[in-house]
1. What residue, of 121, 110, is on the phi < 0 side of the Ramachandran plot, surrounded by fewer than 20 Cβ atoms within 10 Å (Cβ to Cβ) and among the β-branched types (Val, Ile, Thr)?
2. Looking only at segment 173-216, which residues are in contact (Cβ under 8 Å) with a residue 40 or more places away in the chain, more than 19 Å from residue 148 (Cβ to Cβ) and of a type outside the set (A, V, I, L, M)?
3. Across segment 74-116, what is the number of residues that are out of contact with any strand residue (DSSP E or B) (no Cβ under 8 Å at 6 or more places or on another chain) and assigned to a strand (DSSP E or B)?
4. Check whether at least one residue in segment 340-350 is open to solvent by 40 Å² or more (accessible area, probe 1.4 Å), in a helix (DSSP H, G or I) and touching a Ser or Thr at 6+ places or on another chain (Cβ under 9 Å), and report yes or no.
5. Out of segment 367-394, which residues are in a loop (DSSP other than H, G, I, E, B), in contact with a strand residue (DSSP E or B) (Cβ under 7 Å, 6 or more places away or on another chain) and more than 19 Å from residue 315 (Cβ to Cβ)?
6. Restricting to segment 365-399, what's the tally of residues that are surrounded by 20 or more Cβ atoms within 10 Å (Cβ to Cβ) and of a type outside the set (Asp, Glu)?
7. Please go through segment 133-148 and pick out each residue that is part of a helix (DSSP H, G or I) and open to solvent by 20 Å² or more (accessible area, probe 1.4 Å).
8. Could you check how many residues of segment 283-296 are farther than 10 Å from residue 258 by Cα, surrounded by fewer than 24 Cβ atoms within 10 Å (Cβ to Cβ) and under 24 Å from the mean Cα position of the chain (by Cα)?
Amino acid sequence: MKIVRWVRRCGAVLAWLAAVGPVAAAPVSSPAAEPVRVALIEGLSGSFANAGEAVYRNLLWAVERVNQRGGVSLPDGRHPLELVRFDSKGSNEEALSLLRSAIDQQIGFVLQGNSSATAAVLIDALNKHNQREPARRAIFLNYSAVDPALTNEKCSFWHFRFDAHADMRLQALTDVLAADARVKKVYLIGQDYSFGQSVLRQARVMLAAKRPDIEIVGDELHPLGRIKDFLPYAAKIKASGAQAVLTGNWGNDLTLLIRASREAGLDARFYTFYGNALGAPAAIGDAGLDRVLAVAEWHPNVGGAASDRFYASFRERFPNPQDDYVHMRMQAMVEMLAAAIEKAGSADPLAVARALEGLKLDARHLGGFHRGTMRAGDHQFEQPLVVSVMQRVGSPGVRFDNEGSGYGFKTVLQLTETQTEMPHRCAMERP
């Protein structure tokens, strides 16, 4: 009787299936692939929270794009990348504590950049940790900490820099400055920590070599992230008679300096590392037209259909004008990490580090228009650089503005990957 009832039930099910038509087969369930986690250790609150959150958006978009194509391919299948946020609050001590936390969570890839001082302590800590605990190694991917010492005297096998270092950026900026015969007096101002000190020191050397007739009328360092009113500094610059200001300032320290200079009526060109983002264009307004210059590996008005599509994709993902902060180096860094993991066939930090050495950027995922190579000798990423100048959107060469400000940047000088390369002084110890 049980067999008869079972047959009848089967017949009823088959009749129901015939009545409702084809039904898609349910997928065979399988455990989710373990993500490859990367830790962002950055100041996401405090004086430079805007810069930290802007970095997070860049990296989030880069990770999303890798995951949209299936993540990274490993011998056991494809794995997504997962970006984990750690707020260092702009403190080196907090960053070190968070590094330990990330390693305790078995995260083997650490991302940081918005302070060369923080980068230096992370490199030192990782050197010691990786030697002490080889079973729990981690590597450090640096997207913005540009003190040249980090890939020279302090170079480490466990550290890879994806931004052009300060001397590389300065070389491009001072080429443009030196070519301006109108400039006779220059004022140097920067943040008082390793990066800012390096910029001012090397700026003197480069300007003396390229334009010995230029007079340095000011050489000033100020506390990092603690000045709320830059009017006294702007007044001194104006009184000096400087026709150009060269600064490595970033974040609010740059925005407030430029805003104060506008209020003081300073008539000078600003040669900056980061003057094309984080509120700086809107802060200076018309006073910055043909006066604020910036240097970067790319900017939205570089031109070309592929570059335009890349930028349009970012703006589609983050349509709020105040979120308009996209940097090619951060996209390249995540793409290079994904490529190195696949090349190594492993997410083991040592294997990935070895795979990164000498690796060339596969630009297909970035539209095919950017180039770069991770130099094995010092772990400095070699890539193009572009110097650009602020103009009104809609003027020749300025299709896109920055942060909805109505102001964009036009290319002044474009250097290839080979032209930006500089010698290094790294004597790397390898595991």
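1. Only one candidate qualifies: 121.
2. Correct list: 180, 182, 184, 185, 187.
3. So the count comes out to 2.
4. So far as segment 340-350 goes, yes, one or more of its residues are open to solvent by 40 Å² or more (accessible area, probe 1.4 Å), in a helix (DSSP H, G or I) and touching a Ser or Thr at 6+ places or on another chain (Cβ under 9 Å).
5. 372, 375, 379, 384
6. 17
7. 134, 135, 136
8. 0
The values are calculated or read from the model by the stated rules, or taken from the named source; none is laboratory data. Since we're looking at a predicted model, the values are computed, not measured. With ideal geometry, Cβ positions are generated from the backbone for all residues, glycine too; neighbour counts draw on all protein chains shown. In case anyone asks, the SASA skips ligands and DNA or RNA and just uses the protein heavy atoms, side chains included. Shrake-Rupley method; radii C 1.70, N 1.55, O 1.52, S 1.80 Å.
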